[in-house]
Amino acid sequence: MTIVDSTVFKVRDSVDLFLTDGTYLTAYYMNSRKRRTFRVNEETVALLERIDGRRQVGELRQLMLEELGAKPESIDRTLESLHASRVITEVGCTSPLERDDEERYARQTNYFAEFLGDEADGPLAQRRLAESHVAVFGCGAVGGDIAIELAMAGVRHFTLVDYDVVEPSDASRHLYFDLADIGKPKVESLARRLREIDPKVSVEEVFSSMRPEDDIEPIVSECDFVVNTMDEPYIGYTSAKVSRVCVKHDKAHYIAGGFDAHLASTGELVIPHVTPCVECYARYFKESLKDWKPARHPVEDRALEIGGLSPMSLFSASFAAIEIVKYLTGIVDMSCSYKPRGEWLFGDMSLSYLDVRRDPECPVCGEGVRL
Ligand SMILES: [Zn+2]
């Protein structure tokens, strides 16, 4: 950064500083839970004591020269170093957010900023969220809760796709239903809830399932991110279709939900040509299960419906929402920190991940397929 006389710095709100033996300065970065220790001299300690969020750099240079005989070049080098280490941040930058949004998302932008650079970068990440358009296929317990969490985080454009209406059993698992909604389309109830969370949200409601003849390309091509939890006709089919179209249009997507008897699956983030796509997962399972032969079950009349528990749906939804926020804001480089599909177990609270890699032979995202 360029430091000029009028630049004003402050110690970041999210950083706690501790000095040991007058020599070691430890910075606790409260948002990212990191800690760094620096060897410092008397001049750095004195400078930090004089950075108060009001004094301009010109005044700091003068003060340090008069009181400690510190040279201005040395002060500038220390300021640059403290700034690069994200101990101090520049103040007085103009926020790209409207005043009410600055207030609404103050805690969140503070959080984002620690992963980026200056505190002014937090509102920029918030703006990226606000400008994002997310399509959610399947608005049940997991899909609906993801949409709610994203709306609360500040996503302002949604397309909701679902074929179902609210039933009495949904009220125990879905955050956005009450008894007055029974019989109404889920997309209608969820859209109303999103607008209640944030009147600036725009929602397109599509009351439909995902049949083989349905063309989802117009929806996918218009949005920035796609979530799939749709289980009609079944989750394997809809996920494969969503992922194929998303890879074609280079759209990141999330396959979420407690599907296929995995009640608290973490699902998976798919970034085309970076992480494994749904077809890569399918090929992984085909290979790892090639020697497994399903036995005919002796009980023929089995109930096909699996159970559910609201906190487990919320776990899956929250896990997905965190990954989606990280991707949309760009606060974390997801190409090197994404997780493949995982499963959280109710009994011992363990969380394990599959070891799935991109398949170079994948017909959807493999080496022979280019954008
Ligand atoms: Zn693939």
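The values are calculated or read from the model by the stated rules, or taken from the named source; none is laboratory data. Quick caveat: nothing in here was measured; it's all calculated off a predicted structure. Here the Cβ is made from the backbone with ideal geometry for all residues, glycine too, and neighbour counts use every protein chain on show. The accessibility values were calculated without ligands, DNA or RNA, using every heavy atom of the protein model including side chains. Shrake-Rupley method; radii C 1.70, N 1.55, O 1.52, S 1.80 Å.
The table that follows gives values for the structure above.
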read-out: Table column - 3J(HN,Hα) (Hz), the range 207-216, Karplus curve with 6.51, -1.76, 1.60, x for Gly and Pro; value: 8, 7, 8, 10, 7, x, 7, 6, 8, 9
read-out: Folded to 0 to 90 degrees: helix 121-131 orientation relative to the chain principal axis, Cα; value: 30
read-out: Theoretical FRET efficiency, 1/(1+(r/R0)^6), r = Cβ-Cβ of residue 167 and residue 98, R0 35 Å, to 0.05; value: 0.35
read-out: Two-site label geometry, residue 348 and residue 85: point separation in nm, points 7 Å out along Cα→Cβ; value: 4.2
read-out: Rounded to 10°, Cα long-axis angle of helix 186-197 versus longest principal axis of the chain; value: 20
read-out: Angle between the chain longest axis and helix 57-68 axis [Cα atoms, degrees, rounded to 10]; value: 50
read-out: Span from the the range 46-80 Cα centroid across to the the range 104-146 one, whole angstrom; value: 36
read-out: Cross-link reach list, lysines versus residue 184, counting only Cα pairs under 25 Å and skipping chain neighbours closer than eight places; value: 200
read-out: Peptides 55-61, 136-142 ordered by average Cβ neighbours within 10 Å, highest first; value: 136-142, 55-61
read-out: Separation in nanometres of the label points that stand 7 Å from Cα toward Cβ, at residue 19 and residue 211; value: 7.4
read-out: Rounded to the nearest 20 debye, dipole of the chain from Cβ charges on Lys, Arg, Asp, Glu; value: 700
read-out: Among beta bridges that DSSP assigns inside the chain, antiparallel share in %, nearest 5; value: 55
read-out: Span from the the range 311-371 Cα centroid across to the the range 174-188 one, whole angstrom; value: 29
read-out: Within straight-line cross-link reach of residue 248, lysines at Cα separation under 25 Å, skipping those fewer than 8 residues along the same chain; value: 286, 326, 339
read-out: Ellipsoid semi-axes in whole angstrom, largest first, where each is sqrt(5λ) of the Cα gyration tensor of the range 150-283; value: 25, 18, 14
read-out: For the chain: relative contact order, % (alpha-carbon pairs under 8 angstrom, 6 or more apart); value: 13
read-out: Solvent-accessible area, 1.4 Å probe, carbon plus sulfur percent, for the range 9-90; value: 42
read-out: Vicinal HN-Hα couplings computed from phi for the range 45-53 (Karplus, 6.51 cos²θ - 1.76 cosθ + 1.60; Hz; Gly/Pro x); value: 4, 5, 5, 4, 5, 9, 7, 10, x
read-out: Residue 204 versus residue 31: modelled label distance in nm, points set 7 Å from Cα along the beta carbon direction; value: 3.2
read-out: Largest-first ellipsoid semi-axes for the range 32-77, taking √(5λ) over the Cα gyration tensor eigenvalues, angstrom; value: 22, 13, 9
read-out: Per residue, the convex hull volume that the Cα atoms of the chain enclose (Å³); value: 186
read-out: For the chain: accessible area per residue (Å², 1.4 Å); value: 52
read-out: Contact order normalised by residue count of the range 73-146, Cα under 8 Å, 6+ apart, percent; value: 25
read-out: Hydrodynamic radius (Kirkwood) for the range 9-90, which is based on Cα pairs only, to one decimal in Å; value: 12.9
